[in-house]
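See structure below.
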Ligand code: PEP
Ligand code: MN
């Protein structure tokens, strides 16, 4: 089932001025005013305009650093005022949302442990109702596309239209080099269902280690995703959370510069003309295929009537097997794969049986 979402494109949020990838960067956690400011300054110096930092941290073990809370929002506000950056943080409750509104946070995101929880999602949506806060929703920790979409629907129903998603991979018990299973298939499915939705990847949490950041970021770009959320810290080895996966601002600049960004189709005139011409040819061929299928259906009906008159069963298994083998052989001579011919002819034959059945029962 497909659910409609009413989304405002990211180009209208007024945040992202750089071409693809749109980049959100900043430390896993706000730790001290100095750490936060130094990181933000380093990022703004090479053109990052959207700054992230965790103020409340969902940690696996109690007793780990759980975030500085509201004082961190004051430090964030200073970054907004002095460096002109847009600031964003993670919210997981009504209280977090109210604090963010109070301190002028420009955008919030919902973490993977929260998007997996419909009660919390509803609480957050209710708290945001009446604002036009942009909200990015991370995929739930488990690979459940509907749960992810449900989280977006709750926000949308509360009147929020500046919505986007962040793909950060899925928890896994498999032994893989990354911290999370990238599960790109689900990202592609989400992208296909909602092509207008601003789509970020979070290579930091997916990787768990800075050495994999480039390959995962490149993959996200190759899949045509719009942006990246990357953790960056002025002094990663001293970070209070996620130390292994954070990059210094200059290292992040290097990473972004070494990404190969394939042309976004709409921007290149010559490409557009070429692809439009090719697509027009495909469209004509598809139209002809439809006409042929219609003619074929008419013949199937005639066969149905004829079999009915002569009291013959519809499915003639031997004939069908011969026909398929024959088509596979002829297809091979034309360079068409057995797999494709089998799938296409099976679908066509099923339809023919259906049409003949209709005649028989009619
Ligand atoms: C984060 O972005 O700091 C975070 C906690 O990420 P996730 O919700 O993806 O684990
Ligand atoms: Mn983190």
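The values are calculated or read from the model by the stated rules, or taken from the named source; none is laboratory data. Just so we're clear, the structure is a prediction, and the values are computed from it rather than from any experiment. All Cβ positions, even for glycine, are placed from backbone atoms using ideal geometry, and neighbour counts span all protein chains on display.
Below, the figures for the structure above:
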{"quantity": "Failed condition for residue 47, given (1) within 16 Å of ligand 2 (Cβ to nearest atom); (2) modelled with pLDDT under 95", "calculated": "(1)"}
{"quantity": "Scope segment 240-249; condition near ligand 2 (Cβ under 9 Å from one of its atoms) and surrounded by fewer than 22 Cβ atoms within 10 Å (Cβ to Cβ); matching residues", "calculated": "241, 242"}
{"quantity": "Flag for residue 359 being touching a helix residue (DSSP H, G or I) at 6+ places or on another chain (Cβ under 6 Å) and either surrounded by 12 or more Cβ atoms within 10 Å (Cβ to Cβ) or at pLDDT 95 or above (or both)", "calculated": "yes"}
{"quantity": "Yes/no for residue 244 being within 15 Å of ligand 1 (Cβ to nearest atom) and more than 30 Å from residue 196 (Cα to Cα)", "calculated": "yes"}
{"quantity": "Which listed residue is part of a loop (DSSP other than H, G, I, E, B), surrounded by 10 or more Cβ atoms within 10 Å (Cβ to Cβ) and not assigned by TED's automatic domain parsing to the domain that holds residue 19, from 315, 323, 293", "calculated": "315"}
{"quantity": "Hits in segment 156-182 - residues which are within 16 Å of ligand 1 (Cβ to nearest atom) and under 16 Å from residue 4 (Cβ atoms)", "calculated": "165"}
